[in-house]
Amino acid sequence: MKNIFLLTVLALFGFLAWFGFSPAAQAQDKVVNIYSARHYESDKELFDLFEKQTGIKVNVVSAEAPELIERIKREGAATEADLFITVDGGVLHTAKTTGILQPIVSDTVLKNVPATLRDKDNAWVGLTTRARIIVYSKERVKPEQLSTYEDLAAPKWKGKVVTRPSSGLYDQSLLASLITLDGDETALNWVKGIVANFARPPKGNDRAQAKDIVAGLGDVALMNTYYIGQMLNSKDPEEVKAAENVGLFFPNQATTGTHINVSGVALTKEAKNKDNAIKLIEFLTDVQAQEQLSAGNYEFPTNPNAKKHPLLDSWGSFKTQQIDFSALGVNNPKAVQFFIEGGWK
Ligand SMILES: [Fe+2]
């Protein structure tokens with residue numbers, strides 16, 4: 001009798017577990033946890049939409065990328081992170097080589113994102129791209145005077161270049177790309193040439209460079225494209241004014257192409273909510289979410305079927321740098337060293 005009772009209880013448990021009614025299974029079915037280094041409102045809106053459409057709750061832990069990679073590594077099998085999201089192809093490659101990721105297996109994702117914007121083993125998949133372009137004073141510079149990143153190190157720009165400090169990843173990755181394309185010596189000399197052309201010591205973020213050009217402190221600077229969109233649509237009149245008064249120049253069109261970087265999503269090795277995580281990657285790379293990312297944060301979609309924000313369309317098409325994004329990670333330590341050696345603080 002006792003045995004029959006026990007068997008009934010076990011069968012009932014089995015039945016409940018099978019249909020996903022046990023608390024553990026339920027938790028697994030309805031949640032996905034992200035460690036994210038992207039800092040944009042557009043992402044949050046998309047996670048809310050995913051939650052509404054699927055009933056899967058999206059939890060986000062926000063921090064800088066190196067900290068998150070270290071944390072996923074340290075937490076090992078106990079990590080809560082199912083997905084890691086960050087900007088910069090070099091950082092995504094570092095996450096891969098750290099051994100904290102697993103390949104994303106999904107035909108939908110392969111269909112959504114071209115191979116050039118994914119890791120070759122699908123350890124990460126691109127969500128958006130952004131170009132690092134030259135912005136210039138419309139008052140003092142004619143676009144015909146501009147050509148390449150390399151040219152900004154020429155003596156004709158002496159006292160005219162404003163930059164942010166070299167601790168910023170955007171310029172580290174640009175330099176890493178120049179190391180790949182131009183070689184070590186040219187890249188180091190480029191740093192020295194830019195330093196010789198400084199209008200002031202490196203200071204501020206991307207937005208601050210445009211503001212300083214409009215304030216007359218310098219004539220040319222490097223900026224990520226999406227900041228132009230953010231500033232043109234900002235509530236801060238000073239940002240709108242700065243963005244309206246700088247010209248945009250897509251460099252290296254006759255040579256190696258304009259430097260683009262990718263932001264992307266990766267599946268952690270120890271993901272406990274893997275099915276939900278893949279569902280979210282499929283959602284984020286789908287046309288609708290891609291168009292929303294471009295509309296909300298002025299980034300280029302990675303899904304070629306997604307429409308760009310009209311502002312991005314107004315810039316026209318441009319030739320992009322053709323290097324493997326992994327090179328940005330591989331060459332990052334050298335880029336950091338060259339900045340120190342060249343005196344770009
Ligand atoms: Fe940024």
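The values are calculated or read from the model by the stated rules, or taken from the named source; none is laboratory data. As the structure is a prediction and not an experimental result, all values here were calculated from the model. Virtual Cβ from ideal backbone geometry, glycine too; neighbours counted across all protein chains shown. These accessible areas exclude ligands, DNA and RNA; they are computed on the full protein's heavy atoms, side chains included. Shrake-Rupley method; radii C 1.70, N 1.55, O 1.52, S 1.80 Å.
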Open item on the list: I need a count of the residues in the stretch 228-257 that are under 22 Å from the mean Cα position of the chain (by Cα), away from the ligand (no atom under 16 Å from the Cβ) and hydrophobic (A, V, I, L, M, F, W, C).
Closed with: 3
- [ ] Can you give me the number of residues within the stretch 204-227 that are assigned to a helix (DSSP H, G or I), out of contact with any Gly (no Cβ under 9 Å at 6 or more places or on another chain) and either more than 14 Å from the ligand (Cβ to nearest atom) or on the phi > 0 side of the Ramachandran plot (or both)?
- [x] 2
Task: Test result for Thr129, within 19 Å of the chain's Cα centre (by Cα) and of a type in the set (S, T, N, Q) - done: yes
Open item on the list: Take Val87 and tell me if it is closer than 27 Å to Phe325 by Cα, free of Cβ contacts under 8 Å to residues at least 40 places away in the same chain and among the aliphatic types (A, V, I, L, M).
Closed with: no
TODO: Could you tell me which of the residues Lys192, Lys203, Lys158, Lys235 is modelled with pLDDT of 95 or more, over 20 Å from Trp344 (Cβ atoms) and either of a type outside the set (Phe, Trp, Tyr) or open to solvent by 10 Å² or more (accessible area, probe 1.4 Å) (or both)?
DONE: Lys235
Open item on the list: more than 16 Å from the ligand (Cβ to nearest atom), open to solvent by less than 10 Å² (accessible area, probe 1.4 Å) and part of a loop (DSSP other than H, G, I, E, B): is that true of Ala81 in this structure?
Closed with: yes
Task: Asn276 vs. criteria touching a Leu at 6+ places or on another chain (Cβ under 8 Å), buried (at least 20 other Cβ atoms within 10 Å of the Cβ) and either at pLDDT 95 or above or of a type in the set (Gly, Ala, Ser) (or both) - done: no
Task: Check on Glu64, modelled with pLDDT under 95 and within 16 Å of the ligand (Cβ to nearest atom) - done: no
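Any residue at all in the stretch 260-270 that is among the charged types (D, E, K, R), away from the ligand (no atom under 16 Å from the Cβ), outside any loop (DSSP other than H, G, I, E, B) and closer than 26 Å to Ser106 by Cβ?
As a first pass, look at the stretch 260-270 and keep what is among the charged types (D, E, K, R): 269-270.
With the extra rule that they be away from the ligand (no atom under 16 Å from the Cβ), the set shrinks to 269-270.
Retained after the next criterion (residues that are outside any loop (DSSP other than H, G, I, E, B)): none.
No, there is no match, as no residue in the stretch 260-270 is among the charged types (D, E, K, R), away from the ligand (no atom under 16 Å from the Cβ), outside any loop (DSSP other than H, G, I, E, B) and closer than 26 Å to Ser106 by Cβ.
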Task: In the stretch 86-121, the residues that are within 16 Å of the chain's Cα centre (by Cα), farther than 18 Å from Arg38 by Cα and open to solvent by less than 40 Å² (accessible area, probe 1.4 Å) - done: Val113, Asp119
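When you go through Thr163, Thr129, Thr186, Thr148 one by one, which is the residue that is out of contact with any helix residue (DSSP H, G or I) (no Cβ under 9 Å at 6 or more places or on another chain) and at pLDDT 95 or above?
Selected residue: Thr148, the only one of Thr163, Thr129, Thr186, Thr148 that is out of contact with any helix residue (DSSP H, G or I) (no Cβ under 9 Å at 6 or more places or on another chain) and at pLDDT 95 or above.
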Open item on the list: For a quick check of your reading of the model, give me the residue pairs whose first member lies in the stretch 199-218 and is closer than 14 Å to Val135 by Cα and among the acidic types (Asp, Glu), whose second is within 16 Å of the ligand (Cβ to nearest atom) and in a helix (DSSP H, G or I), with beta-carbon atoms closer than 6 Å and at least 6 apart or on different chains.
Closed with: Asp206/Tyr227
